[in-house]
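The values are calculated or read from the model by the stated rules, or taken from the named source; none is laboratory data. From a predicted model like this one, the values you see are computed outputs, not experimental measurements. Glycine gets a Cβ as well: all are built from the backbone with ideal geometry, and neighbour counts include every protein chain shown.
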Amino acid sequence: MQLLNRWKETQLQGDNTLKLAFILLAFGIVSISSGLRSQVNIPDPKVSAAPANNIIPNKPKTSISPSEPSSISIPRISLAADEIISLGKNPDNTVEIPGGENYDKPGWYKHSVTPGENGSSVILGHVDSYQSGPSVFFQLGQLQPNDEITVKREDNSKAIFRITEIRSVNKGNFPTDEVYSSISVPTLKLVSCGGRFDKSTGEYENNIIVFASLINFNT
């Protein structure tokens, strides 16, 4: 945590790319440092940067009102998290991440759109911890294009997404613009840590990123 606290956001109203790169870097530092010696064989995607070309992102016929996510389920990996916490920024402008009693819960980055709205909705989750082993997003690397993700929202609606791509990327090459940029169709991105566990640094070298597009919305 001391390392995380050294990172400051140098521009509050400036370069969005720099701001988002900081957010991801801060998240990666904390999530992987807490995984020391716990799980060194994280499932990595079999498909790297290979999108499902037959999937066309859907744009809702009617405007979807904002509503925060309340739960997420992914049948492929038997993931059913009945609570999603909200993540923002700390008073010192470092990124807020799941911690304490919320460590094993996924967190929606509240400065992204809510799931189902046009744009990028981003949900972050830890891969593991020293104390309890695998965490909520431990098996992201086992997902495949065409797998579905259902996000229930506070208004009881459900946004159903289909995975278009899964990547394991080196932290130094994180595609910030692709993950966080504003686009005209509803998308979901799940982010965790992955790749090789470096015992010398106590860090995982990569981020696993799941890209998904809205295919259905139920009220």
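A few notes on this one:
- Residue satisfying all of: in the stretch 55-80; part of a loop (DSSP other than H, G, I, E, B) and of a type in the set (Ser, Thr, Tyr); modelled with the lowest pLDDT among these: 62
- Residue 141 surrounded by fewer than 19 Cβ atoms within 10 Å (Cβ to Cβ) and in contact with an Asp or Glu (Cβ under 8 Å, 6 or more places away or on another chain): no
- If you go through the stretch 192-209 and pick out every residue that is out of contact with any helix residue (DSSP H, G or I) (no Cβ under 6 Å at 6 or more places or on another chain) and of a type in the set (A, V, I, L, M, F, W, C), you end up with 2.
- Residue check for residue 219: of a type in the set (Val, Ile, Thr), at pLDDT below 95 and in contact with a Ser or Thr (Cβ under 6 Å, 6 or more places away or on another chain): yes
- For the stretch 172-209, the candidate set comprises residues that are of a type in the set (Val, Ile, Thr) and over 16 Å from the mean Cα position of the chain (by Cα); within that set, the residue that is surrounded by the most Cβ atoms within 10 Å (Cβ to Cβ) is 185.
- When 159, 212 are checked against the criterion of being within 14 Å of the chain's Cα centre (by Cα), surrounded by 14 or more Cβ atoms within 10 Å (Cβ to Cβ) and not basic (Lys, Arg), 212 stands alone in meeting it.
- Complete set of residues in the stretch 81-105 that are more than 18 Å from residue 131 (Cβ to Cβ), modelled with pLDDT of 85 or more and assigned to a loop (DSSP other than H, G, I, E, B): 82, 83, 84, 88, 91
- Annotation: of all residues in the stretch 192-216 being out of contact with any Gly (no Cβ under 8 Å at 6 or more places or on another chain), over 27 Å from residue 158 (Cβ atoms) and hydroxyl-bearing (Ser, Thr, Tyr), the one that is modelled with the highest pLDDT is 200.
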